[in-house]
1. Using every Cα-Cα pair within segment 337-426, state what percent have a distance larger than 19 Å.
2. Using the crude model of +1 on Lys and Arg Cβ and -1 on Asp and Glu Cβ, and no other charge, please compute the dipole size for segment 337-426 relative to its Cα centre, in debye to 20.
3. Over the alpha-carbon set of segment 134-257, work out the extent along each principal axis and list the three values in angstrom, largest first.
4. Mind listing the Cα extents of segment 285-408 along all three principal axes, in Å, largest one first?
5. Please name whichever of Ser206, Leu40, Ala27 sits farthest to the positive end of the charge dipole of the chain, dipole taken about the Cα centre and charges placed at Cβ: Lys and Arg +1, Asp and Glu -1.
6. Say a paramagnetic label sat at a point 7 Å from the Cα of Ala409, along Cα to Cβ; which residues of segment 311-341 have their backbone N under 17 Å from it?
7. Lys and Arg at +1, Asp and Glu at -1: add these up for the other residues within a Cβ distance under 14 Å of Gly343 and post the number.
8. Extension gain Gln4-Glu54, at 0.36 nm per residue separation less the Cα-Cα distance, in nm?
Amino acid sequence: MAEQPSIPERQVDVLVVGAGPAGLGVAARLAGLGVAPLVLDREPVPGGLPAQCEHPGFGLWAFRRLMPGQEFAARLVERAVRAGVRLETDVTVLEVTPDRTALAVSPSGIVRYRAQALVLATGCRERPRSARLIPGPRPAGVFNTGVVQRLHTFLGLLPGREVVIVGSDDISLVAARTLAQAGCRIAAVVEERPYRQGYLVNEWWSLRSQRIPLRLGHRVLRILGDGRVAGVEVALCDATGTPLANPYEIPCDTVIFSGEFVPEATLVAQAGIPADPRTGGGPLVDQEFQTELAGIFACGNLVHAADPADYALVDGERAALGVWRYLTSPPSGGELVQPVLPGQQVRAVVPQRLRWSGERLDPVRLAVRVEPALRAVRLRAIVAGQPWGWSLAPAAKPHRSVYLWLRPARPGDAPIVVEARGWPIV
Ligand SMILES: Cc1cc2nc3c(=O)[nH]c(=O)nc-3n(C[C@H](O)[C@H](O)[C@H](O)COP(=O)(O)OP(=O)(O)OC[C@H]3O[C@@H](n4cnc5c(N)ncnc54)[C@H](O)[C@@H]3O)c2cc1C
């Protein structure tokens, strides 16, 4: 019997999977601390999602001005490489194991990496049509925003001529504007909730300036067409999806399902890293983005999908400190773990636990998802009846995090409960 060729192995100090803002943030910061990480990305161009975004809206925190996603991505890459980060593209990680190995494939073959610390920064993906259970035939012309963006940015192609976009978060609104400016007619943006998910300013900038209609409270009941999309059947519906009025057709040749992001957590599930169903399957992490498996970290949109790029970058930089601490003083095993739990009108909180190894912790930024959507929001973190932090927000919607700075008072294991109060948006 022919002998199986053995898989070549490489030892690295820190392996980062994903060269988006989170992964590049971890890597650049670690390089600054004297550790030389290796970053792998399956795409030919590093920079993550911003590398395929031509619109402005990135970089306010990191570079103090708004810039197009592609420029933001290029700057992050340049900064990381200048700091000494090794970056390899066209490399897909197929599998990771709890003892911090990663099996990766690239055009030059398969390699198994053995790392002292592993960081997962694989971002998120949109829920496709199949997961949204939309009936009707399966004609060509149905896309997700991510695919449309790639077609447009990298190949200069448009998905069709007459487009219906399903979803109204900021990413959907920006996609509508980009396509309208590129020559598509946007027949409608359809949103099943009774309110717009994105910011009002974005509705004005992206939709109203282009005279694109926004149909709130509407559901797509069927996709029509033989071979190619010919239209969608929509109706004004209540919260359960029951039509409140007669369905009608919007003719179009393209339907784009946008938003509804879920963590790109395939590696997490396959390695058996404990995950949080409330975030859609992102791993459970502590305040330094360490998962429940020692030496494996996760950050960015993988832990809260999909928040702005600056937040992913900040997460990455914070995770770098955790990785550095892990490498320089590995955990003794005697740490106290304090759960962070969602309370009233809160669906999810990240991080999901604090890990105490001493008497004090720096303030921790909690990313909070409310349910339902609220206006005039007050967030509070309570431990055994005592407040540990609060914040205010004009509005909070389930698909986007609002933030709360937690000031941990003393070590303990009593749960930290985060609750939200406000007026439901209907
Ligand atoms: C259409 C659109 C518009 C947006 N507009 C804005 C905006 O205006 N402003 C803003 O701040 N944010 C915007 N965002 C959000 C922003 O892009 C994200 O918050 C940010 O990119 C998240 O960074 P990340 O590093 O967590 O993930 P990503 O940027 O998604 O990076 C993840 C990386 O991991 C790689 N990867 C995944 N799995 C593997 C694997 N198995 N092996 C190897 N590599 C892997 C991917 O190729 C990718 O490069 C937008 C997003 C979209 C989709």
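1. Values: 1279 of 4005 pairs.
Result for the distance tail: 32 percent.
2. Working: 14 positive and 5 negative charges, 51 e Å.
Roughly 240 debye for segment 337-426.
3. That gives 40, 38, 20 Å along the principal axes, largest extent first.
4. The Cα atoms of segment 285-408 stretch 44, 34, 19 Å along their principal axes.
5. Ser206
6. Flagged as within label range: 338-341.
7. Numbers: positive: Arg278, Arg347, Arg369, Arg378, Arg380, Arg421; negative: Glu371, Glu419.
Cβ neighbours under 14 Å give a net charge of +4.
8. Computed gain between Gln4 and Glu54 is 13.4 nm.
Every number in this text was worked out from the coordinates using simple rules, so none of it is lab data. Values in this document were obtained by computation on a predicted structure and should not be read as measured data. Glycine also receives a Cβ, built like all others from the backbone with ideal geometry; neighbour counts cover every protein chain displayed.
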